[in-house]
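The values are calculated or read from the model by the stated rules, or taken from the named source; none is laboratory data. Note that the structure is a prediction, hence the values are computed from the model and not measured. Here Cβ is always computed from backbone atoms with ideal geometry, including for glycine, and neighbour counts include all displayed protein chains.
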Amino acid sequence: MSESHLESQLLKRLEAFLLELGHGFCFEARQKRILIGDEHFFVDLVFYHRILKCHVLVEMKLDGFSHENIGQLNTYVSWYRENMMTEGDNPPVGILLCTHKNQALVEYALAGMDNNLFVSRYLLKLPGKDEMQAFIEEQIRSGV
């Protein structure tokens, strides 16, 4: 699966995806082209959050987390803060979705950055029935 295929699948199910994100998200762009210096870059998905009053930039990676990914997202968030914020807006937020994340590497990669950057893991497919059943039973036993 390519990143563009993943984007296409999400956009086909945009309503469910937005509802999963939560109340207030408005879709703005897919593969938003931005110009930095004399080079073009593309932000995977761009939303505006009506309640938080900020842009939310989503980058998706098919691989596990790497510090290069967070550098890329930080660049986009910084560009949006400088070029797209209007009066009354809060600073943009960046969300990096990847298949696996090394939490220690994430913490070091984010250390010292003042941007609102978040890293989360996603699944390409649902867990099997047995795995789901075991998870549910464990949650019931633990009282969650």
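Can you name every residue in segment 90-111 that is in contact with a strand residue (DSSP E or B) (Cβ under 6 Å, 6 or more places away or on another chain) and of a type in the set (Asp, Glu)?
none
Only one of Leu123, Leu62 is within 22 Å of His40 (Cβ to Cβ) and at pLDDT below 85; which? Step through it out loud before you land on a result.
Working: Leu123 fails: within 22 Å of His40 (Cβ to Cβ).
Just a single option satisfies the conditions, and that option is Leu62.
Return the residues of segment 76-115 that are within 16 Å of the chain's Cα centre (by Cα), part of a helix (DSSP H, G or I) and within 26 Å of Ile51 (Cβ to Cβ); say none if nothing qualifies.
Residues satisfying the conditions are Tyr76, Val77, Ser78, Tyr80, Leu110.
Of the conditions (1) modelled with pLDDT under 95; (2) surrounded by 12 or more Cβ atoms within 10 Å (Cβ to Cβ); (3) more than 14 Å from the chain's Cα centre (by Cα), Lys12 satisfies every one except a single condition; which number is it?
With (1) modelled with pLDDT under 95; (2) surrounded by 12 or more Cβ atoms within 10 Å (Cβ to Cβ); (3) more than 14 Å from the chain's Cα centre (by Cα) applied to Lys12, the lone miss is (2).
Under the condition of being closer than 23 Å to Thr99 by Cβ and surrounded by 12 or more Cβ atoms within 10 Å (Cβ to Cβ), which residue from segment 15-26 is modelled with the highest pLDDT? Reasoning before the result, please.
Start the filter on segment 15-26 by keeping residues that are closer than 23 Å to Thr99 by Cβ, which leaves 16-22, 25.
Restricting the remaining residues to those that are surrounded by 12 or more Cβ atoms within 10 Å (Cβ to Cβ) gives 17-18, 21, 25.
Numbers: Phe17: 71, Leu18: 71, Leu21: 73, Phe25: 86.
That would be Phe25.
So Tyr108 ticks every box in (1) free of Cβ contacts under 8 Å to residues at least 40 places away in the same chain; (2) farther than 22 Å from Ser2 by Cα; (3) surrounded by fewer than 15 Cβ atoms within 10 Å (Cβ to Cβ) but one. Which box is left unticked?
Every condition holds for Tyr108 apart from (1).
Residues in segment 35-64 that are surrounded by fewer than 18 Cβ atoms within 10 Å (Cβ to Cβ) and of a type in the set (A, V, I, L, M, F, W, C): how many? I'd like the intermediate steps shown before the answer.
Our first condition is that a residue be surrounded by fewer than 18 Cβ atoms within 10 Å (Cβ to Cβ); within segment 35-64, this holds for 35-42, 50-53, 62-64.
Next cut, of a type in the set (A, V, I, L, M, F, W, C) only: 35-36, 41-42, 51-52, 62.
Counting residues in segment 35-64 that are surrounded by fewer than 18 Cβ atoms within 10 Å (Cβ to Cβ) and of a type in the set (A, V, I, L, M, F, W, C) gives 7.
Considering only segment 19-28, state which residues are free of Cβ contacts under 8 Å to residues at least 24 places away in the same chain and either more than 18 Å from Ile51 (Cβ to Cβ) or under 14 Å from the mean Cα position of the chain (by Cα) (or both). Give the derivation first.
Residues of segment 19-28 free of Cβ contacts under 8 Å to residues at least 24 places away in the same chain: 19-20, 22, 27.
Residues satisfying the conditions are Glu20, Gly22, Phe27.
Being free of Cβ contacts under 8 Å to residues at least 24 places away in the same chain and under 28 Å from Glu107 (Cβ atoms) narrows it down to one of Glu3, Glu59, Glu82, Glu7, so name that one. Quick ask: steps written out before the conclusion?
Values: Glu3 fails: free of Cβ contacts under 8 Å to residues at least 24 places away in the same chain; Glu59 fails: free of Cβ contacts under 8 Å to residues at least 24 places away in the same chain; Glu7 fails: free of Cβ contacts under 8 Å to residues at least 24 places away in the same chain.
Matching residue, one of Glu3, Glu59, Glu82, Glu7: Glu82.
Tell me, please, whether a residue that is buried (at least 17 other Cβ atoms within 10 Å of the Cβ), closer than 25 Å to Leu10 by Cα, of a type in the set (Val, Ile, Thr) and touching a helix residue (DSSP H, G or I) at 6+ places or on another chain (Cβ under 6 Å) can be found in segment 70-77.
Yes, that holds for at least one residue.
When segment 29-51 is examined, which residues are found to be of a type in the set (A, V, I, L, M, F, W, C) and without any contact (Cβ under 8 Å) to a residue 40 or more places away in the chain?
Pass one, segment 29-51, residues of a type in the set (A, V, I, L, M, F, W, C): 29, 34-36, 41-43, 45-47, 51.
Correct list: Ala29, Leu35, Phe41, Phe42, Val43, Leu45, Val46, Phe47, Ile51.
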